[in-house]
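What follows is a set of notes on a single structure, which appears directly below.
The values are calculated or read from the model by the stated rules, or taken from the named source; none is laboratory data. Nothing here was measured: the structure is a model prediction, and the numbers come from that model. So basically every Cβ, Gly included, is an ideal-geometry build from the backbone, and we count neighbours across all protein chains shown.
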């Protein structure tokens, strides 16, 4: 008896048209943004010739320079803190016996993914406002902490996935040879885990660099990041300079996501752990 053919979505009527339409709606606006970032005129809708004018304008803009440096500082610290916490959390939830409440712990770690970002932003605003009143401090530390907390699940998921896909036999063999837990981690687990750690760190960096909602609620006066600076400019006047800045951010984000994907797929064999 002949087997029936499985359902193939690609062979359904109208699938190609629907797929092309979805991709067009997703990427056509981005493509237009990139094209008009090279517009010689002041309009974002009327093409007046090719020019690097707005990239040069953004490069020379002191406010853009300050916001960029601030964004990079926050993103670097946030990715470092979030990745460190994510590694510890991933080890605790994959390299230990199952315990009561493990599902609740997993849900708490991933809470920023499940709760609307604006809810997290309002909660952080209230919490940090109380601390600011009590201490008088209003520096960048609040933004670093807020971004770190928000980025933890983004770093945690690829690291946890990497740990779950690793062979436990090498770690068990090292433990049988009287290696301490730290020695097992440093000499066996970490060499296999580092692609996942780098992937998680890159993802956390991109999320922090692009964040608007939490930053807008938590930041103090004079602490604009690049995305919040762009938001402020859009409220005043729209010029192709915003397109140029957006194009650079897109380039950085796409590069980091590609590297994240490649690192997530990277495999390390037993020879890498000796």
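Quick notes
- Cβ-Cβ contacts under 7 Å between residues 6 or more apart (or on different chains), taken from a first residue in region 34-48 that is more than 11 Å from residue 243 (Cα to Cα) to a second residue that is modelled with pLDDT of 85 or more and crowded, with 16+ Cβ neighbours inside 10 Å, are listed as 40/53; 47/39; 48/39.
- Residue within region 152-165 that is assigned by TED's automatic domain parsing to the domain that holds residue 202, farther than 24 Å from residue 203 by Cα and surrounded by 19 or more Cβ atoms within 10 Å (Cβ to Cβ) present: no
- Scanning region 173-200 for residues that are surrounded by 12 or more Cβ atoms within 10 Å (Cβ to Cβ) and more than 23 Å from residue 261 (Cβ to Cβ) returns 173, 174, 175, 179, 181, 183, 184, 185, 186, 187, 188.
- Among helices (runs of 4 or more DSSP H) entirely within region 204-274, having at least 3 residues that are more than 19 Å from residue 112 (Cβ to Cβ) and modelled with pLDDT of 85 or more singles out 226-236, 240-265.
- Taking the criterion of being in a loop (DSSP other than H, G, I, E, B) and closer than 15 Å to residue 70 by Cβ, the residues of region 130-157 that qualify are 138, 139, 140.
- Test result for residue 54, in contact (Cβ under 8 Å) with a residue 24 or more places away in the chain and closer than 25 Å to residue 254 by Cα: yes
- So residue 119, is it without any contact (Cβ under 8 Å) to a residue 60 or more places away in the chain and out of contact with any helix residue (DSSP H, G or I) (no Cβ under 8 Å at 6 or more places or on another chain): yes
- Of the numbered criteria (1) loosely packed, with under 15 Cβ neighbours inside 10 Å; (2) over 23 Å from residue 229 (Cβ atoms); (3) modelled with pLDDT of 90 or more, the one residue 87 fails is (1).
- Restricting region 40-60 to residues that are closer than 30 Å to residue 207 by Cβ and over 26 Å from the mean Cα position of the chain (by Cα) leaves a set whose member that is surrounded by the most Cβ atoms within 10 Å (Cβ to Cβ) is 54.
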